[in-house]
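As structure tokens, the structure follows; a few thoughts come after it.
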Amino acid sequence: PVKGFTLASDLTIDTNETPPTKTIGNIVSSLPENGEQSVNELIYETGLTNLDLIDKMVGIGITNVTIYADSAEPKSIAEINKQSMARAAKIRLVPTTKGRDSVKHGINIVQQQKLKITNNSHNLQKEIRNYKWQEKNGELVNAPINAQGDHALDALRYAITGAIGMRKSVRAFA
């Protein structure tokens, strides 16, 4: 497993099917530690099926976890939760809660955290560097530009907001 991280902490998946033939499987772990969120990018890969993603998760030692997943992908969540390999590894996906202004609210919560991002989180670091905010009359507005390259940031937002309770109630792992 990944050194220095408890894999049973908040792991998140952001799947994006745009274009429909490609899926990005992105797993970010976030572990509260000494008042900071230690963040580690575990998987960031295009072209994965849900079964491929399960194989990757099990292959790097992800077990006995609740993963906060993009609620826009209910079929992927259901498919992964039904797979015997995921069930055997006690990998359980739950949808994040989304609603009006949930992206802005989630970004605000993430911005309030002290983040310690590992050096091997290359895609996350790149997304942070490239993230853009809308401008109006030459001034930044507190609204992100809807970007294609923000999958690791989405996963980070899901992990942190999921961990502090901005999610639907979850049934116990059956």
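The values are calculated or read from the model by the stated rules, or taken from the named source; none is laboratory data. The structure displayed is predicted, hence computed values, not measured ones. Positions of Cβ are generated from backbone atoms using ideal geometry, with glycine treated the same way; all protein chains shown enter the neighbour counts. Heavy atoms of the whole protein, side chains included, go into the accessibility calculation; ligands, DNA and RNA do not. Shrake-Rupley method; radii C 1.70, N 1.55, O 1.52, S 1.80 Å.
Within the range 69-85, how many residues are more than 18 Å from residue 157 (Cα to Cα) and in contact with an Asp or Glu (Cβ under 9 Å, 6 or more places away or on another chain)? Within the range 69-85, residues that are more than 18 Å from residue 157 (Cα to Cα) and in contact with an Asp or Glu (Cβ under 9 Å, 6 or more places away or on another chain) number 2. Considering 41, 36, 73, the condition of being within 18 Å of residue 121 (Cα to Cα), within 15 Å of the chain's Cα centre (by Cα), of a type in the set (Asp, Glu) and modelled with pLDDT of 75 or more is satisfied by 41 alone.
Across the range 58-71, the qualifying residues are those that are assigned to a strand (DSSP E or B) and out of contact with any Leu (no Cβ under 6 Å at 6 or more places or on another chain), and the one among them that is surrounded by the fewest Cβ atoms within 10 Å (Cβ to Cβ) is 66.
For residue 52, state whether it is of a type outside the set (A, V, I, L, M, F, W, C) and either modelled with pLDDT of 55 or more or touching an Asp or Glu at 6+ places or on another chain (Cβ under 8 Å) (or both). Against the criterion (of a type outside the set (A, V, I, L, M, F, W, C) and either modelled with pLDDT of 55 or more or touching an Asp or Glu at 6+ places or on another chain (Cβ under 8 Å) (or both)), residue 52 qualifies.
Are any of the residues in the range 88-109 within 14 Å of residue 156 (Cα to Cα) and either open to solvent by 90 Å² or more (accessible area, probe 1.4 Å) or touching a Cys at 6+ places or on another chain (Cβ under 6 Å) (or both)? There is at least one residue in the range 88-109 that is within 14 Å of residue 156 (Cα to Cα) and either open to solvent by 90 Å² or more (accessible area, probe 1.4 Å) or touching a Cys at 6+ places or on another chain (Cβ under 6 Å) (or both).
Yes/no per residue for (1) among the acidic types (Asp, Glu); (2) more than 24 Å from residue 161 (Cβ to Cβ):
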position: 47; (1), (2): no, yes
position: 50; (1), (2): no, no
position: 55; (1), (2): yes, yes
position: 70; (1), (2): yes, no
position: 82; (1), (2): no, yes
position: 86; (1), (2): no, no
position: 91; (1), (2): no, no
